1. Run down the lysines and flag those whose C-alpha is under 30 Å from the C-alpha of residue 114, throwing out any fewer than 8 positions away in its chain.
2. Pairs of alpha-carbon atoms within less than 8 angstrom and 6+ residues apart define the contacts here; what relative contact order does region 336-491 have, in percent?
3. Under the rule that a partner needs its Cβ under 4.7 Å from the first Cβ, which Cys of the chain have none?
4. Relative contact order, percent, of region 50-193 when contacts are C-alpha pairs under 8 Å separated by at least 6 residues?
5. Whole angstrom only: what separates the Cα centroid of region 219-249 from the Cα centroid of region 252-309?
6. Could you pull out the trypsin sites (Lys or Arg not before Pro) across region 193-281 that fall in loop regions by DSSP (anything but H, G, I, E, B) with no more than 11 other Cβ atoms inside 10 Å?
7. Using 0.36 nm per residue of separation minus the Cα-Cα distance, give me the extension gain between residue 109 and residue 502 in nm, one decimal.
8. Whenever you get a sec, compute what percent of the accessible area on region 312-461 sits on carbon and sulfur atoms (1.4 Å probe).
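The values are calculated or read from the model by the stated rules, or taken from the named source; none is laboratory data. Given the structure is predicted, the values throughout are model-derived calculations rather than measurements. Counting neighbours? That spans all protein chains shown, and the Cβs are built from the backbone with ideal geometry, glycine included. Surface accessibility is based on the protein's heavy atoms, side chains included, excluding ligands, DNA and RNA. Shrake-Rupley method; radii C 1.70, N 1.55, O 1.52, S 1.80 Å.
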Amino acid sequence: MNKKYYITTPIYYPSAEFHIGHCYTTIIADAIARYKRLAGYDVFFQTGTDEHGLKIETKAKEKGVTPKEYVDEIIANAKDLWQQLNISYDYFIRTTDEHHMTRVQEIFKKLYDKGDIYKGEYKGLYCVPCESFWTESQLVDGKCPDCGRDVNLVAEEAYFFRLSKYQKQLEDFYEQNPDFIAPVSRKNEMLNNFIRPGLEDLCVSRTSFKWGIPVTFDEKHVIYVWIDALTNYITSLGYPDITPEFEKYWPADLHLVGKEIVRFHTIIWPALLMALDLPLPKKVFGHGWLIIDGGKISKSLGNYKDPREYINAYGVDAVRYFALREVPFGSDGNFSESSLITRTNADLCNILGNLVSRTIQMGIKYFDGNVKNPKVYADIDEDLKNSVNTLKDKVDQKIEELKINEALEEIFDVLRKCNKYIDDTTPWVLAKDEENKTRLETVLYNLLEAIRVCATILQAFIPETADKIFKGLKIDNNNFDNIYESVFEYQLGSEKPANLFERIKEE
Ligand code: MSP
């Protein structure tokens, strides 16, 4: 039996069209999922949409359509976007899916029967656009700490989840599982700012709007946001039924989330799972935001383009590579079209594209496309081969640590070395003298092997480009099991392959 790996993105609010910030998390989750598949894991990669709540109800009303009609259109576009970005999700969950809704109702009832949900009255400061309640002390200058807008005082009958009951258990869990939250700065933030000051019970139902999952035993209430949203990670596997899928994939190996929802995933979600007597996810990683001109990319601020415009203009792998490589995973980073162009030209075009086309062209020109291993090595070859042979382990390590940008740096270091190897060995000079034929073949063979190994790893990150490289090398793509099984002879044919990336001119 293969080892399993269950990875999730947050389920996104389809309150407006998706932007590059949503692509960011999803591309990274996709790369990790693909990497694990190549490594032989049985992967379950889930994404989806979080469709209930006042905000969507209000937006739909403004547009004169039902909430379902409103979200259906956005979700159709989102699915098209994921397809264009080559997102290889195994399951797309919608919180309006019938089976999700009934399972959420069952979970709610289960918690109520257990006494972990009770009826009370909610008074709180509520931010409508963020759908978040805040305490007085969390406000910044009297405004919502996330979006800076006004909050309203709201009072209504509501059901509560006994979050406070799980305070000690959570602290103990954090203590015993130091790697549960990453990066570690986020863990300290959770402990010091939220858990240790004392957890308050959590309001989990609403009567003030209708667009939500009704509480079965008290129909004027709809289940409010977090129990509906967070449980998506288990309802998709059939829970509360203990299905074979649930047994196989739960607990999740990795929840990837943005930094502003770490709190929900590392406090509320574990407490809910504790209440349900279920095992906790192995890791929650809170990543930073892509920002534009110093501010968060925001649907409400409208400071973004449809990501499909970038895909159309520069290619899917330019967008994927930027998301994976530009920003140290965990930190905030700037996004602009010009940095996307710079990154594409510098790495994909100059380092990768150039190397592949130069090498294949030389193989065709000097050896009619047939290059085998003459097995006579010089020191400079050993050096390159050593970088290639140790690459896979280095990338494995970086992926394990979720240092995605550094994983790509390792690969591009090797590609850069290959370019330097060409400059140092000067194949075009070797080609002038028949006596150097064996040496020349060695050089080209080593380059082709290096490219093959890099492309095998790059499949996880920029799959379309990796496929083009395999086509150029006229070999089948392979997985990690036989990455270091050398090709006996490259038969490149006679046709020069098209460039992988054209240099983009900035207007
Ligand atoms: N629906 C909730 C999540 C529920 S998960 C059980 C939600 N949705 S969201 O659409 O507002 O945000 C979803 C994710 O997108 C968050 O992790 C958020 O950090 C991420 N991003 C939204 N804008 C972003 C950027 N500009 N940059 C990076 N990620 C961003 O919260």
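1. Correct list for residue 114: 123, 165, 168, 187, 210, 220, 248, 282, 283.
2. Relative CO of region 336-491 lands at 31 percent.
3. Result for the chain is 23, 147, 203, 349, 418, 454, no neighbouring Cys Cβ within the cutoff.
4. RCO, region 50-193: 18 percent.
5. The two parts, judged by their Cα centres, are 18 Å apart.
6. Those satisfying the criteria are 220.
7. Numbers: separation 393, 0.36 × 393 = 141.48 nm, distance 5.78 nm.
Residue separation times 0.36 nm, minus the Cα-Cα distance, leaves 135.7 nm.
8. 44
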